Amino acid sequence: MNGDNKTIQVVIVDDHEIFADGLKRILFSNLGLESSIHFPNAKSAMDYFQRGKGADLVILDLYMPEMNGIEFLEKVKSLFPKLSILVVSMQYSLSNIILCRKLGARGFLRKDSSLKEMIHAVESVLKGEDHFPENMATEPEALIENAMERICRDYKLSRSEIKILDKLLEQKNYKEIADALFLSPQTVRTHKKNIYRKFGVHNMAGIVGLLKVELEGGRG
């Protein structure tokens, strides 16, 4: 897999050391990936990337102390939009899969997946391909749009705020949003502050949390 002699850097973010060590061995013995770094929590991994370090692939758990995987995903993708992330978690709910995909993950896999499936997922994401459940082709977009519509209506967001929120969830920066919506970056910042105020949150992770609750509630 590494015929061009480029060292592939894999970062594993998981608070279960036994799982992380086993995953390192799988990556090495089956794919020849020697350069794997393990962080026991998302905060340590975030510090690593903020120091200017990089990775070809991040394998991410969702539920960890200090900073959960969804919060890490939202934050790291806003800073490094090209970073490839494969979520591997036992929290295999439709709402989690939808949110991770919306926030820029390239794949989602159960922790108890077969060795064959794990290897296939890693290879796919490293090649720039997505790896999600096959039955998630179109349904997730409709579900998340409906959930977004409900919470925006409940919290009385304006049309402009809804458009900006959608771009923020796509990890667009102020300039990209301003260019797309023909606004100034300062206007985007003002709308973002108003969105946070209406939702009663301090960051995008808070909004993602509300969206997750709505997705789960919407499914009964």
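General observations
- Residues that are surrounded by 15 or more Cβ atoms within 10 Å (Cβ to Cβ) and assigned to a helix (DSSP H, G or I), drawn from segment 15-25: PHE19, ALA20, LEU23, LYS24
- Qualifying residue in segment 189-201 (condition: under 23 Å from LEU62 (Cβ atoms) and touching a Ser or Thr at 6+ places or on another chain (Cβ under 8 Å)): no
- Qualifying position, being surrounded by fewer than 17 Cβ atoms within 10 Å (Cβ to Cβ), without any contact (Cβ under 8 Å) to a residue 60 or more places away in the chain, assigned to a loop (DSSP other than H, G, I, E, B) and assigned by TED's automatic domain parsing to the domain that holds ASP15, among GLU117, GLU66, GLU134: GLU66
- So ILE12, is it surrounded by 18 or more Cβ atoms within 10 Å (Cβ to Cβ), in contact (Cβ under 8 Å) with a residue 60 or more places away in the chain and within 24 Å of LYS127 (Cα to Cα): no
- Flag for LEU73 being buried (at least 17 other Cβ atoms within 10 Å of the Cβ), modelled with pLDDT of 95 or more and assigned by TED's automatic domain parsing to the domain that holds MET118: no
- Matching residues in segment 167-188 - criterion: being surrounded by fewer than 19 Cβ atoms within 10 Å (Cβ to Cβ), in contact with a Lys or Arg (Cβ under 9 Å, 6 or more places away or on another chain) and either farther than 27 Å from ARG106 by Cβ or free of Cβ contacts under 8 Å to residues at least 40 places away in the same chain (or both): TYR174, GLU176, ALA180, LEU181, PRO185
The values are calculated or read from the model by the stated rules, or taken from the named source; none is laboratory data. From a predicted model like this one, the values you see are computed outputs, not experimental measurements. Note that we place each Cβ from the backbone using ideal geometry, even for glycine, and neighbour counts take in every protein chain shown.
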